[in-house]
Each structure stands twice: as C-alpha cells, then as structure tokens.
1. Throw me the Rg/Rh for chain A, computed over C-alpha atoms with Kirkwood Rh, two decimals.
2. Please compute how much accessible surface disappears when B pairs with A, both sides summed, using a 1.4 Å probe, and round it to the nearest 100 Å².
3. I'd like to check one number: the per residue accessible area of chain A, probe 1.4 Å, reported in Å² as a whole number.
4. Excluding ligands and nucleic acids, what accessible area in Å² is computed for A:ILE62 using a 1.4 Å probe, to the nearest 10?
5. Have a look at A:ARG232, A:ARG221, A:ARG107 and tell me which one the Gaussian network model of chain A (Cα, springs below 10 Å) gives the largest fluctuation.
6. On a 1.4 Å probe surface of the protein chains, which of B:PHE148, A:PHE228, B:PHE268 comes out largest in accessible area, and what is the full order?
7. Given the pairs B:LYS225/B:LYS255; B:LYS32/B:LYS255; B:LYS32/B:LYS272; A:LYS67/A:LYS89, which are separated by over 27 angstrom at their Cα positions?
8. Can you tell me the accessible area per residue over chain B, all protein chains present, probe 1.4 angstrom, in square angstrom?
Amino acid sequence: MATNRVLCRGVSKQYGQSIVLDGIDLALAPGEAVAIVGRSGCGKSTLLRLIAGLDRPSAGSIDIDGKPLTGLNPHARVMFQDAALLPWKRVIDNVALGLLHAPAAQRQAEAAHALSAVGLGPRAADWPSVLSGGQRQRVSLARALACRPELLLLDEPLGALDALTRLDMQVLIESLWQSLGSALVLVTHDVDEAVTLANRILVMDRGRWTASFSVDLPRPRDRTAPEFTLLRNRVLDAVCHDPHRLAM
Amino acid sequence: MLVPVDAAGLGSSAARSRLMRVTVASGWHQLKPWLLPLAVLVIWEISARLGWLPRRILPAPSHVLSVGWELTVSGELPKHLWVSFRRAAYAMAIGSVLGIGLGLATGLFRLAEQLLDSSIQMLRTVPSLALIPLAILWFGIGEECKLFLMVVGAFFPLYITTYLGIRSIDPRLIEVAQIFGLTRGELIRHVLLPAALPSVLVGVRMAFGLMWMNLIVVETIATDKGIGYLINNAREFMQTDIIVLGILLYALLGKAADSTVRLFERRFVTWKSQFAGV
Ligand SMILES: Nc1ncnc2c1ncn2[C@@H]1O[C@H](COP(=O)(O)OP(=O)(O)OP(=O)(O)O)[C@@H](O)[C@H]1O
Ligand SMILES: [Mg+2]
C-alpha cells in the first residue's frame, strides 16, 4: 500500500487547562473518505485545523505523505464550518481564490464551473453579504473543490442546507471525490450523510475516538437498503451512547 | 447531473417597477439633507430684511452672496480660494503618503510596529496647534510652516485608521488565504488592503476635518493669501459680510471634500452592507 496521505499518531491538543484532543490516531490512505461524527465541542474542528497545519499539536505527530508536517499543509484545502468568504470579493472571485496561480482564462473557467456545480452560477457577480447562509456554504464548498486538492477537509459543509439541496451536494462531493481521487475528511452531524459518503466512520467523544465503522456498501449508496439502515442505526447508537451524559 | 438549485433570478418586470420607485424615492432622498440648511437660509434672510439682525452682526445671505460675486469678478476671491485649495491638496497628499504609508508598515510588519507605534501614539496626544511656535522656529513663517502644521493634522487620523484597519481583520480570513496558498504579497493585496480600506476612508474624512481646522488657523499667521487671510483681514475692517462669506466657503469646501470621499467609498466599498439607521 502507498504511504498514508495523513497519519496522526497520539495527537493531543490542549488549550490552557482544557484537553481538547487526547491521543488521536488516524491513518488516511489516498483516495479514502473518512467521516467524523461526534457531539458539538468534542474537538472535530480542532483536529481538522491540526491536519491543515493551522495549529500545532501539543503532543504527538502528524505525517503528510510520509513526511512530518511542519507549518501549513500545502496539499490540504479546508472548507471552514462558517463559510469564511472574503466579503470584498465577489462570489466568483472567492471561488477563484485557490486558483490565483493558474492562468487567468483557466482560473475563470474553473471557478465558473465549480460555482455552477453547486447551483450558484447566476450569483457569480454578487457580494457574499447578500447570500443566504446555505448559499455561502455552497460558495465555500465550490472554493474548496475548485482547486482539486489532494486532501479535502470539509467541516460540516452542508449544515445549513435544506434536505433536498443537501442530497444534491452530497452527490456532487461524492462525484468530485471519486474523479479527483483525493483523500477526504468530512465532519458532519448527519449520520446519514456520513454513511452515504464515507468509507469509514469515526465517532469522537471528548477528544478521543469511541467507535469506528467501515462502510462497505456499494456506491452510489441506496439509503433505503436494509444494510444502510442497519449501519446508520449502529452509528447513531455509538454517537448517543455516552456514559457521562447525565453528568453534563 | 446536477440541476442549478438557485436558478431563479430577479423577475425582470418586477425589477423594473422597483427601479422606478427607487428613482422617485431617491429624488426626495437626496433633497432631505438640504432641507435644514435651506430653512436656516430663508429664516436668516427674512430676519435680516426685517431689520432684526443688524448688518454689522450678521448680514443677509443675499448680501453675502453679492459681496461674494463682486469679489469673484474682481479676481480677489478665486485667488485666495486657489491658494487655500492648493495648501489643502498638498497637505492631504503628503499626510496621506506618510499616514497611510506608516500605518501600513506598522499594521503589516511586527518589527515596524515595535519600532514606531508607541512613539507615534505618544506624539498623537500632542495637540497639533501646540506645535505652532516650534514650526515657526523650524520653518520660518512661510509656506513650509503652514504645510507642516496641516500635514500633522492629516497624519494622525490616517495613521491610526490604517493601522487599526489592518489589525482588526478577522484572523480566520488570513487563515483562509494561507490555506488557499496565497503568498505574502497576495495576502496583502487580496486580503489585508481591501479589509483595511473602509477604515482608511474613515481616516481620510477625519484627516480632512483636522487638516481643515489647522488650515484656518495657519492662514491667520503671517500670510497675505488664502481664505483665512481674507477672514482675518476683514475682521480688522469689521467687514462682517466677508467674514461670513469666508465661513460659508469653508463649509462648502469641507462638504465637497467629504462628498468626494463618500463617492470613493460608494465606488470601492460596495461590498459592505451598512446599517442605514432605523
Ligand atoms: N483557540 C481555542 N482556545 C481555547 N479553546 C478552544 C480553542 N479552539 C477550540 N477550543 C475548544 O475546544 C473544544 C473543541 O472545539 P471544536 O471547535 O474542535 O469542536 P467541534 O467538535 O468542531 O464542535 P462543533 O461540532 O460544535 O463544531 C471546544 O470546547 C472549544 O471551546
Ligand atoms: Mg466544529
């Protein structure tokens, strides 16, 4: 097998006295899609920031393609939980942000393509401030997808979308992930989404993995299949099983 | 594959009728700021004509206007106006280069900040008019001294707003720039400068105000040109009409400067949706 795209060993992160991540191990092969589910505040976004190289772990190590990560991870593109669009750039220029080094014509074409793929082609010339929350999220998704990264880190990319658009976007993410062959880390609160998109589902609680499921269903996945429902229920059980729940 | 989810644009006929309503409304909108000055002028004119206001205290606007006209025809007023305008333009240009330049330096580079910022903040608290004696000693009583004091007035607001504009940017947006592979230069150009622009423009407006104030003061020291001189001279001969004319001119020029900056704001900061009051 080729070297892992991402390899986290015993990664911990501490802010002051509070331990946010506590000895996280994670191996992500090229072309693999991992979904992380877990309660709010358990440390999912923090882990993504560490993998992206935006923060340093307090302990443990992160290897990218076999080399220790120092500084920013050049292969990763992150879609942040809050869309984090540049308010002074029009929608299309926001999408083109990761393509600044491409020739102008190609940049325009690819940005326009990515934008219409998320269904926002007609809004290219708008300012981000006039978009709805879900539209901003889709622009942010287009921005992350447009530069065809080797490692895609999506932090609740579809959280603000209605059920129907969400299904469309899941199809889009899946097809792009398949055609690019990139590794994907998807943080989501939607267990159905995790089962639809991931090869592997990891459940996090208070900075540790508490469960791991591999998803061997054929793609595209049929949400009505009994295997799908079975697995979803098992994941839901794992997420909800929380010995400290009453103490919280 | 995917159907565009949000293809519904603006209904064209609805958009057109809305446009009409907007044009009608905007006429009224543009009129509103002028209502108060107009009312004041009318009341003032009436009181002067009825003799409630002695001419020596406050001459009628129509009289001020006719004096203004005479001075314009004689070439006196344009001469003074031009001198004041030129002083203001030079001071703003030099003040902007220094203020925005240093503000960018301290905002962008930690070394520049550590070296310069606290000193500049210290100097800022000195009222610029307290520097008049020093400026006269350094530069004499000529144009340089005037320019110096006006530049000082313009410098600090520009420096502070530029520095703050860069420092108050959302750190997440800088992370976005890093994640998407922007170089240092691109980060400055695509993220930091546009983020700072609204704040810098506020600084420009404040700089105009302070520079203007200093202009009025320095034009009363040892000069024979400029609106300040005109006013000061008129005082010695008790020509209230010319004094009032000078003050009105200051107000108009100040308003013109402010409008120019606002125009610039509307042109380049369209992305910012602002609270428009309730
Ligand atoms: N810079 C920071 N300083 C201090 N504490 C932090 C910082 N960043 C994150 N935390 C803390 O770390 C914990 C985990 O945060 P994180 O954003 O990773 O949660 P999450 O799993 O992404 O939650 P959500 O699902 O709500 O997005 C939170 O309790 C948060 O307060
Ligand atoms: Mg999060």
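1. Across chain A, the Cα-based Rg/Rh ratio is 0.96.
2. 2700 Å²
3. Counting only protein heavy atoms, the per-residue value for chain A is 43 Å².
4. 10 Å²
5. Ranking A:ARG232, A:ARG221, A:ARG107 by mean-square fluctuation puts A:ARG221 first.
6. Greatest to least solvent exposure: B:PHE268, B:PHE148, A:PHE228.
7. A:LYS67/A:LYS89
8. Value returned for chain B: 60 Å² of accessible area per residue.
The values are calculated or read from the model by the stated rules, or taken from the named source; none is laboratory data. Please read all numbers here as calculations on a predicted model, not as lab measurements. Every residue, glycine among them, receives a Cβ derived from its backbone with ideal geometry; neighbour counts consider all protein chains shown. All accessible areas refer to the heavy atoms of the entire protein, side chains included, with ligands and DNA or RNA removed. Shrake-Rupley method; radii C 1.70, N 1.55, O 1.52, S 1.80 Å.
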